[in-house]
Structures are given as C-alpha cells and as structure tokens.
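**Q** Sharing a structure with you now.
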Amino acid sequence: MALLESMASGLIPIVTDDASMKFLVHHNQNGIRVDKRSGKDIAEKITALLSVDHEYLTQLRLSAVKTIVGSYDIKAYVKKLNMIYAGDFTI
C-alpha cells in the first residue's frame, strides 16, 4: 500500500524487483529499479536521478501517478470489492 500511495502522490519509486513491485514499477518508465542488496547500484541510480533534467523527473512522476490512477484507483477498487461481496464478480 505504501508504494501505491507514494506513486499516487507523484513520488518516483526506487524499488527492487521483489514481489509485486516488479509488476508495478517499470524501470525508467514510472520509477527506478535497483539490484537487490547492491548499495553500489542504489547509489549510482540515485546519483543519476539527481543529475537528470527536470523534464525527465516530471515524466517519471506523471507516469507513476497515471499507473495508479489507471489501475488502482480507489473508486474502481471499491466498485470491484462491492461486486465481489454481492457475488457478481469472479476473481
């Protein structure tokens, strides 16, 4: 949930490819992926982000928000949840 909330707020996620993060965050599209347990990779990618132009950062932020709004919007979630409770929706 923290990842979804941060992306919805326009923060650029920096994640490993563990669990659902690998399906949600696409490297250089809506966030940054780093190698698991690699402090060097984390440092290099954060340093790289600090040196890119603001237009690229804005693109990543907007793409992160768009990912959440398009697939994890609370209204769509509540609608699906209500359908499940009503027995009108199969998972």
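We did not get these values from a lab; they are worked out from the coordinates using the rules stated. This one's a predicted model, so the numbers in the text were calculated from it and none came from an experiment. Don't worry about glycine lacking a Cβ; one is built from the backbone with ideal geometry, like all the others, and counts go over all protein chains shown.
**Q** Does anything in the stretch 1-28 have its amide N under 13 Å from the 7 Å Cα→Cβ label point of Val52, and if so which residues?
**A** Correct set: 12-15, 26-28.
**Q** Still on this model: Less than 16 Å from a label point 7 Å out along the Cα-to-Cβ axis of Ala86: which backbone N atoms in the stretch 53-78 qualify, by residue?
**A** 75-78, by backbone N distance to the label point.
**Q** List Leu11, Leu62 from most exposed to least, where exposure is judged by having the fewest other Cβ atoms within 10 Å.
**A** Values: Leu11 15, Leu62 12.
Neighbour counts put them in this order, fewest first: Leu62, Leu11.
**Q** What does the extension gain come out to for Ser20 and Ala43, with contour length at 0.36 nm per residue minus their alpha carbon separation?
**A** Values: separation 23, 0.36 × 23 = 8.28 nm, distance 2.29 nm.
Extra length from Ser20 to Ala43 when fully extended: 6.0 nm.
**Q** Students often get this wrong, so check it: of Lys45/Lys80; Lys40/Lys75; Lys45/Lys79; Lys22/Lys75; Lys40/Lys66, which have C-alpha atoms separated by over 32 Å?
**A** Values: Lys45/Lys80 37 Å; Lys40/Lys75 40 Å; Lys45/Lys79 38 Å; Lys22/Lys75 24 Å; Lys40/Lys66 30 Å.
Listed pairs above 32 Å: Lys45/Lys80; Lys40/Lys75; Lys45/Lys79.
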